[in-house]
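The values are calculated or read from the model by the stated rules, or taken from the named source; none is laboratory data. Note that the structure is predicted; figures quoted are calculated from it, not measured. Every residue, glycine as well, gets a Cβ built from its backbone with ideal geometry; the counts of neighbours run over all protein chains shown. With ligands, DNA and RNA removed, areas are computed over all heavy atoms of the protein, side chains included. Shrake-Rupley method; radii C 1.70, N 1.55, O 1.52, S 1.80 Å.
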Amino acid sequence: MNFFHAIIIAIVEGLTEFLPISSTGHMIIVSSLLGINKDEFTKLFEVVIQLGAILAVVVLYWRKFLVFDKNRFQFYLKLAVAVVPALIAGYLFSDKIDELLESPLTVGVTLFLGGIVLLFVDNWFRNPVIDSDEKISIFSALRIGFFQCLALIPGVSRSAASIIGGMQQKLTRSEAAEFSFFLAVPTMAAATGYKLLKGRELLMAHPENLKLLLVGNIVAFVVAMLAIKFFIGTLKKYGFKMWGYYRIIVGGIIIVAILMGKKL
């Protein structure tokens, strides 16, 4: 991986982390198209640069995270409860997840099937009643956390899984999206910390890779700032159907390409 690769992958991460189209899946495919070897650093890079993207959430919603009032304890408690299922599942199935990260076919299939789900999800949850995170109960937050576990499969999309989980718990589309953004902060911070801990010897042996991580996180942060605002606007206006069609087209192209013998 060189600096050009790092910038391209970081742009993809920033654009897709908060859209319901799977940032991990897109990074796997783009890495394959760029001819980047799937070594240990590449896998680490694709996880760690998500830290830059989630910092965009903290900056855009700084009042939620940095202004302390009587509601902040409940807010943090809900995030802490919601993140537990993914932390446990991620730890238990870490090796299997790493194997799936090398499978473009898995990405293609999950993108395609997830796209079909998004075509209908707006019709499944028609009567939302929760329009602010203060109204989300602890048990609802936990249930959303279980939905997020689905995103451990590359191509599913953490954003899509947790937003659908939120809508299933009677959140409005925009509130479900925002809670998904908030939940990304502890989830991806934990994933990044765990990956860095596991890869510390690799980084110490090749300190030049730290520069790639720094550049990647900066680019992902800037791009994610723009992507979040764009997504909220399109979600309120158009719902999920457009993202469903996108996933079906991209997933279908990947599946067909692999079946025709193209190496991805």
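Separation of the range 18-56 from the range 188-211 is 14 Å, based on Cα centroids.
Label separation (Lys96 vs Lys241): 3.6 nm, computed from points 7 Å beyond Cα along the C-beta direction. Across the range 183-199, rounded Karplus estimates of 3J(HN,Hα) from the backbone phi angles (6.51 cos²θ - 1.76 cosθ + 1.60, θ = phi - 60°) give 5, 4, 4, x, 5, 6, 5, 5, 5, 5, x, 5, 5, 5, 4, 5, x Hz, Gly and Pro being marked x. Since only Gly108, Asn37, Ala82 are under comparison, the one whose Cα sits farthest along the positive direction of the charge dipole of the chain, derived from C-beta charges on Lys, Arg, Asp and Glu, is Ala82. Here the chain is treated with +1 on each Lys and Arg Cβ and -1 on each Asp and Glu Cβ, and its dipole about the Cα centre works out to around 620 debye. Per-atom-type breakdown for the range 1-152 gives carbon and sulfur 68% of the accessible area (1.4 Å probe, protein chains only). Keeping all protein chains in place, calculate the accessible area per residue for the range 113-264 (probe 1.4 angstrom), answer in Å². Solvent-accessible surface per residue comes out at 50 Å².
The residue list Val256, Phe147, Ala53 was ranked by how far each Cα lies along the charge dipole of the range 3-260 toward its positive end, using unit charges on Cβ atoms, and Phe147 comes out on top.
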